[in-house]
Amino acid sequence: MNTGDTAWVMACAALVFIMTPGVALFYGGLARRKNMLSVLMQCYFIMCLMSLQWVLFGYSLAFGPDVHGIIGSLEWVGLRGVGFEPNAGYAGTIPHLAFMIFQAMFAIITPALIVGAFAERIKFSAFVVMMLLWTTFVYDPIAHWVWGGGWLSNLGALDFAGGIVVHVSSGVSALLMAILIGKRVRTNNHGFAPHNLTLTVLGGALLWFGWFGFNAGSALGAGGLAANAFVTTNTATAAAGLTWALIEWQRLGAPTTLGIVTGALAGLVAITPACGFVSPLSSIVIGIIAGMICYMAVTAVKSKFGYDDAFDVFGVHGVGGMWGTLATGLFAEKVINEAGANGLLFGNVKLFFIQGFYLVSCIAYALIVTWILYKVVDAIFGMRVDREDELVGLDLTQHHESAYTILE
Amino acid sequence: MKYIIAIIQPHKLDEVRKELENVEVPLITVSNVLGRGRQKGYTEVYRGIQEIGLLKKTKIEIAVNEEFVEPAIGAIEKGAHTGKPGDGKIFVLDLHEVVRIGTGERGGPAIG
């Protein structure tokens, strides 16, 4: 047991926690006034719901003793046997409970990321059931495959802090749900303008701040590897934010605040799987390319195909996470992390193909299971509010509150 | 000259503006207001305390010369109509004077 490692991982769990309120404000600012509280509420509800899910059975499914490489057994239900002593298989120098609560924050933020796709039109009851099922049947198994001793972790795939487990899994599921639930009702022909970008910037800043815990905490110890992840995270994020703003400046005549915040977020996502395997200089390249391809995904790809992924969960988390996963296969160096592998640029072709296989299998699984869960929940609850409620707004119709009033 | 005030559903504003532009009355002032007519408000609950909130509405104000009065009224009706309670009302008032601040013009020519 190491007190420094323990203190660091618990502090990082708190940092990752603040990312979910950060996501709530980031998305909330992008919503229209009448739906502000519904977005905040969906994220806050997930914080409560998944905290309990994780302690009661989620942690056991994801990290419990392996069953045929597919899922964790129910041996650790209710945290039975998860106590003060370290679990050497996961983190040998910190209490097992500290590892568990650090992972809990990942299980909270992942479904909260999806909120941005079906925002402003989902029925709250259906949302609650769908997210509980999604976390249990999509997130928990994928976390097990990659981090919990499942079949992908034995294959040699690298995912330092959750490029696939968190970002690609939520990003592709978000895209599918946005398509299945359909577009928001348009009342004009110029789109859906954000109602408060100040809050979006605040949320984006909280995400950047919390991400230090997300990535550097994934070293599960307070040492050089954590420092490397911290530096690459900050560097890639800066490069991606700058890239996005410069592209806008060149193409549209002015750099936008929403652009630089979105670009930084794309950088955070892309460096997530790579941060503990690549050098700071490689992270600059990863960030720049993340800014470019996520910009294309959010602007050109989205308008070409016409899906209404309201706040670009797929364009940022899905696409950014895919790039980061492949980039790990390009830029990883054993000099940085003994436990990792060399990437394509360092003479090892194999890792790149493992990363590609890892990507494709997780995407396929997430899409199939999300589709099944969606159809079941939609048949029982009806996923979408009726047109009248959508026009009035989800705050009043789903939660009986208003975020703002124009009276004193 | 008439002064037209209309209270409409907020999500109908864009349709109303489009209809008004079709009859060549693009000049418009708009504000967010709260109110209710026959349609009841939504129940809001804050820590268990219920209240019937007023409904969000949009108020449109337009000054027009006589020949544009009926086309403007027709355009607002067309754009804002759903047939359900809460579609709103149109009020038409006599307008005594208009001054264009920039040029000092008065009356009919100052409107457009």
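Coordinate-derived values only; no laboratory data. The model shown is predicted, which means the values in this text are computed figures rather than measured ones. Cβ placement follows ideal geometry from the backbone for every residue including glycine, while neighbour counts extend to all protein chains displayed.
The stretch A:369-396 and the stretch A:11-62 have their alpha-carbon centroids 19 Å apart. Projecting the Cα atoms of B:Gly88, B:Leu20, B:Gly74 onto the charge dipole of the stretch B:2-111 (Cβ charges, centred on the Cα centre) puts B:Gly88 farthest toward the positive pole. Around the amide H of A:Ala222, modelled in the peptide plane, lie the amide H atoms of A:Asp5, all under 5 Å away and 5 or more residues distant in sequence or on another chain. Between the stretch B:19-39 and the stretch A:170-207, what's the alpha-carbon centroid distance in Å? Between the Cα centre of the stretch B:19-39 and that of the stretch A:170-207, the gap is 27 Å.
Between B:Glu66 and A:Phe305, the FRET efficiency from the beta-carbon distance, with R0 = 51 Å, is close to 0.50. For the pair the stretch A:308-365 and the stretch A:126-143, the centres of their Cα atoms are 23 angstrom apart. Here the Karplus curve 6.51 cos²θ - 1.76 cosθ + 1.60, taken at θ = phi - 60°, turns the phi angles of the stretch B:82-87 into couplings of 10, x, 9, x, x, 5 Hz, with x standing for Gly and Pro. Between the Cα long axis of helix A:257-271 and the first principal axis of chain A there is an angle of about 30°, rounded to the nearest 10. By counting other Cβ atoms within 10 Å of each Cβ, how are B:Val16, A:Val360, A:Val313, B:Val98 ranked from fewest to most? Taking fewest neighbouring Cβ atoms as first place, the list is A:Val360, B:Val98, B:Val16, A:Val313.
Label separation (B:Asn32 vs A:Phe84): 5.5 nm, computed from points 7 Å beyond Cα along the C-beta direction.
For B:Lys40, the lysines whose Cα falls under 24 Å of its own Cα, not counting residues fewer than eight places away in the same chain, are A:Lys34, A:Lys123, B:Lys12, B:Lys56, B:Lys57, B:Lys59, B:Lys78, B:Lys84, B:Lys89. Modelled spin labels at A:Val185 and B:Tyr46, positioned 7 Å past Cα toward Cβ, are 2.7 nm from each other. Site pair A:Leu407 and A:Thr257 shows an inter-label distance of 3.0 nm when each label is modelled 7 Å from Cα along Cα→Cβ. Directionally averaged projected area (the stretch B:2-111, Cα convex hull): 8.5 nm². Were the residues from B:Ile101 through B:Leu54 laid out at 0.36 nm apart, the gain over their Cα-Cα distance would be 13.3 nm. Listing A:Val39, A:Val201 from fewest to most neighbouring C-beta atoms within 10 Å gives A:Val201, A:Val39.
The string of couplings for the stretch A:274-283 from the Karplus curve (6.51, -1.76, 1.60, θ = phi - 60°) is 9, 4, x, 10, 10, 7, x, 5, 4, 5 Hz, one whole number per residue in order, with x for Gly and Pro. What the phi angles of the stretch B:26-31 give under the Karplus curve with 6.51, -1.76 and 1.60, with θ = phi - 60°, is a coupling list of x, 7, 7, 10, 10, 9 Hz, glycine and proline written as x. Fully extending the segment from B:His81 to B:Asp94 would add 2.2 nm, taking 0.36 nm per residue of separation and subtracting the current Cα-Cα distance.
Once you divide the Cα radius of gyration of the protein assembly as shown by 2.2 N^0.38 Å, the number left is 1.12. For the protein assembly as shown, a simple Cβ point-charge model (Lys and Arg +1, Asp and Glu -1, everything else neutral) yields a dipole of about 360 debye relative to the Cα centre.
Listed from fewest to most Cβ neighbours within 10 Å, the set B:Lys57, A:Lys304, A:Lys34 follows the order A:Lys304, B:Lys57, A:Lys34.
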